[in-house]
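To start, the structure itself, in structure tokens.
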Amino acid sequence: QNIAQARSLYIHAFNDYANRGMVPLGVECAVKATALYYKENFFQEAFDLLRRADQIIQGWQGKAPSEKAALSYLTAKERMQMYFKMRRSENAKEQLSMMESLANQSSDEGVKNDLLYNKAIYYYTFGLNAQGNAVFKEMASKLTAKKEYDKVDEVYQTLIANGRKSGSANMVAQSYSSYMAWKDSVSALKVADEIAALKDQIATGEATIAEKDSSLSTRQFIIVGLCILVAALAAALVIGAVILM
């Protein structure tokens, strides 16, 4: 509710983490504070904060270039988000190119998937629908396979919203039709996942029951064996007593 206060807390946390060498947490806080800056159109302050975050990433001692690249990807992505809001497509495209380079350097599959998602958003935001469709197909396939359904859903929503803004009834109709087909396929996947999870639970339960049954049977055999042993010992004692007498 109080954006200025929240922003101040994130900046304080950023400085504190950076001073303690906890760079990933510091960068995360810097990115969140940046978003709160440009939410109120404080673009210069936002750019300055991201610049400081980049300096700390580059000065991060003893870390592999791939780790630094993954963190730099976050700051580049936030710059692109700012350029989205400013409607500066060329600047956003530059950041997107930088994000692609950093994603490749990071060797992190999660970062690469996030890049596809942001590429699709970029193309659709600036009306480059043919490129957006090509990227979207690849992204939807990968993210659906990883069960990251929310991101795919968001890109569809962006595409439909852009069609409405541009007044293209055909684009809205096609996007909505594709969206509903995807939703149906995802619903089927979710049902299959739930069935598989239930089957796993049942199998686990059956294995537990079988293990307990086996344990009970073993205990019964032990008890019977002990009873026989006790009886044999009692008989031996009786015989021994008779012999002694």
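Helix-only mean residue ellipticity at 222 nm, the chain, DSSP H runs n ≥ 4 weighted -39,500 (n - 2.57), per residue, nearest 500. What is it? Mind showing how you got there, number by number?
Numbers: 9 runs with 218 residues, N = 245.
Calculated at 222 nm, the ellipticity per residue is -31500 deg cm²/dmol.
On average, how much accessible surface per residue is there in the chain, in Å², for a 1.4 Å probe, leaving out ligands, DNA and RNA? The partial results should precede the final answer.
On the way: 14960 Å² over 245 residues.
Ligands and nucleic acids excluded, the figure is 61 Å² per residue.
Once you have the Cα-Cα distance between Asp150 and Arg51, take 0.36 nm times their residue separation minus that, and quote the gain in nm to one decimal.
Computed gain between Asp150 and Arg51 is 32.6 nm.
When the Kirkwood radius is taken over all Cα pairs of the chain, what Stokes-Einstein diffusion coefficient follows at 10 °C and 1.306 mPa s, in µm²/s? Before the final figure, lay out the partial values.
Numbers: Rh = 23.0 Å.
Diffusion coefficient, whole number: 69 µm²/s.
Please tell me the relative contact order of the chain in percent, rounded to the nearest whole number, where contacts are Cα pairs under 8 Å and at least six residues apart. Mind dumping the intermediate values first?
Details: 183 pairs, mean separation 22.2, N = 245.
Relative contact order here is 9 percent.
Pull out the extension gain between Glu40 and Ala4, defined as 0.36 nm times the separation in residues minus the alpha carbon to alpha carbon distance; nm, one decimal.
Numbers: separation 36, 0.36 × 36 = 12.96 nm, distance 0.94 nm.
Residue separation times 0.36 nm, minus the Cα-Cα distance, leaves 12.0 nm.
Could you pull the Cα extents of segment 1-74 along its three principal axes, largest to smallest, in whole Å?
38, 21, 15
Round to a whole number: what % of the accessible area of the chain belongs to carbon and sulfur, probe 1.4 Å?
Working: 8640 of 14960 Å².
Solvent-exposed carbon and sulfur of the chain make up 58 percent of the total.
Which one of Tyr10, Met22, Ala92 is farthest out on the positive end of the charge dipole of segment 1-123, using unit charges on Cβ (Lys, Arg +1; Asp, Glu -1) and the Cα centre as origin?
Ala92
Report the number of Lys pairs in segment 64-147 whose alpha-carbons are under 19 Å apart, with separation of 8 or more residues or on distinct chains.
Close lysine pairs found across segment 64-147: 19.
So which GluC sites (Glu not before Pro) in segment 15-82 are both in a DSSP loop and have at most 14 other Cβ atoms within 10 Å of their Cβ? Don't skip to the answer; put the middle values down first.
Values: sites: Glu28, Glu40, Glu45, Glu67, Glu78; in loops: Glu40.
Passing sites in segment 15-82 are Glu40.
Given a 1.4 Å probe and the protein chains all in place, what does the accessible area of Tyr10 round to, in Å² to the nearest 10?
Tyr10 exposes around 80 Å² with every protein chain in place.
The values are calculated or read from the model by the stated rules, or taken from the named source; none is laboratory data. Source: prediction; values computed, not measured. FYI the Cβ positions are ideal-geometry reconstructions off the backbone, even for glycines, and counts take in every protein chain you see. For accessibility, only protein heavy atoms count, side chains too; no ligands or nucleic acids. Shrake-Rupley method; radii C 1.70, N 1.55, O 1.52, S 1.80 Å.
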